[in-house]
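In what follows, a structure is listed as structure tokens, so that the remarks can point back to it.
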Amino acid sequence: MTIVVTGATGHFGRLAIQSLLAKGVPADHIVGLGRQVDKIADLGVRVKQVAYEDLAGLKAAFTDADKVLFVSGSEVGQRIAQHRNVVEAAKEAGVGLVVYTSAPKADTTDMKLAVEHLATERMLAESGVPHVILRNGWYLENYDVDQAVRHGLVGAAGEGRISAATRADLAEAAASVLVGDGHAGKVYELGGESFTMAELAAEISRQAGKPVTYTDLDEQKYVQFLTSVGLPEPFAATLADSDRAASQGALYVDRTDLENLLGRPVTPLSDAIGSALA
């Protein structure tokens, strides 16, 4: 069996490959695709330098693939065209199963960040390629713990609960689907231990041994804050919209699906923060 991992040179893709190796998949049965393949050269798997814009390269890379872990692109605004190439290549190559990393509640949320994910889910459905949808929740690593200790947390999530999980947990869940059976056609909502931003600040404060505050702003003021610290306005607006959606429950999901795929409890928030501080 050959498993191809797209976006393999990013944080998530690398962790997914490591999880596949840990589950006993031989290194020569794994192919990692990405722009900077030197980043995964140490893993011992086969690598191919292929970008999402390279339709011919994707088709060639998928030719002998039994399964593909389709890690969503990171370039917001360009992903529909990029993802269409992946789906077209997988269909033409006759890939047996595509496992796609989507966004929480992609088919019901009004969060702007989910638009391209929902479009991709629909592409996969229309393609006829057997597939699994992993609606990955927020990464815990999205929150810079060291920065929080120095400057506190700022956002617009209000009292909304956020079911964030570690990248490693989500990558391990993806690997479990790839090596398992009976997942085709399934949609999994994947989230970890939930918290409010105030609770996150309190836990960081407890472990750091110094006060850490959470400052809650309205959406527009959060956009202004993010642009004031150097983020481009479109990206700042997308992040602020995600916080606005979180305040209304968009980032809260039950952790049952993730724990079932992992076969264990999710990594506790306290452990993840402890590791970040260490």
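For the reader, a short list of remarks on this structure follows.
- Selection of the stretch 62-99 for residues being surrounded by 16 or more Cβ atoms within 10 Å (Cβ to Cβ), more than 17 Å from the chain's Cα centre (by Cα) and not aliphatic (A, V, I, L, M) yields PHE62, LYS67, ARG84, ASN85, GLU88, LYS91.
- A search for C-beta distances below 8 Å between a residue of the stretch 79-93 that is closer than 15 Å to LEU118 by Cβ and at pLDDT 95 or above and any residue that is of a type in the set (Val, Ile, Thr) and crowded, with 17+ Cβ neighbours inside 10 Å, counting only pairs 6+ apart in sequence or on different chains, returns ILE80/THR120; HIS83/THR120; VAL87/VAL98; VAL87/THR120; VAL87/VAL129.
- Checked against the criterion of being under 30 Å from PRO234 (Cβ atoms), free of Cβ contacts under 8 Å to residues at least 40 places away in the same chain and of a type outside the set (A, V, I, L, M, F, W, C), the candidates GLY73, GLY57 yield just one match: GLY57.
- Within the stretch 138-174, the residues that satisfy the criterion of being crowded, with 20+ Cβ neighbours inside 10 Å and among the acidic types (Asp, Glu) are ASP169, GLU172.
- Evaluation of ASP243 against (1) over 23 Å from PHE195 (Cβ atoms); (2) touching a strand residue (DSSP E or B) at 6+ places or on another chain (Cβ under 6 Å) (one fails), failing number: (1)
- Of the strands (runs of 3 or more DSSP E) contained entirely in the stretch 1-77, not one carries at least 3 residues that are within 24 Å of LEU124 (Cα to Cα), at pLDDT 95 or above and among the aromatic types (Phe, Trp, Tyr).
- Subset of the stretch 229-278 that is in contact with a Lys or Arg (Cβ under 7 Å, 6 or more places away or on another chain) and part of a helix (DSSP H, G or I) - its residue that is modelled with the highest pLDDT: ASP241
- Residue match in the stretch 228-238 (condition: in contact with a Ser or Thr (Cβ under 7 Å, 6 or more places away or on another chain), under 30 Å from THR6 (Cβ atoms) and among the β-branched types (Val, Ile, Thr)): no
- Among the conditions (1) touching a residue at least 60 places away in the same chain (Cβ under 8 Å); (2) within 30 Å of ALA27 (Cβ to Cβ); (3) among the acidic types (Asp, Glu), ASP243 misses just one, which is (2).
- Just one of the numbered conditions (1) part of a helix (DSSP H, G or I); (2) surrounded by 21 or more Cβ atoms within 10 Å (Cβ to Cβ) is not true of GLN220: (2).
The values are calculated or read from the model by the stated rules, or taken from the named source; none is laboratory data. Source: prediction; values computed, not measured. Ideal geometry is used to build each Cβ from the backbone, glycine not excepted, and the neighbour counts take in all protein chains shown.
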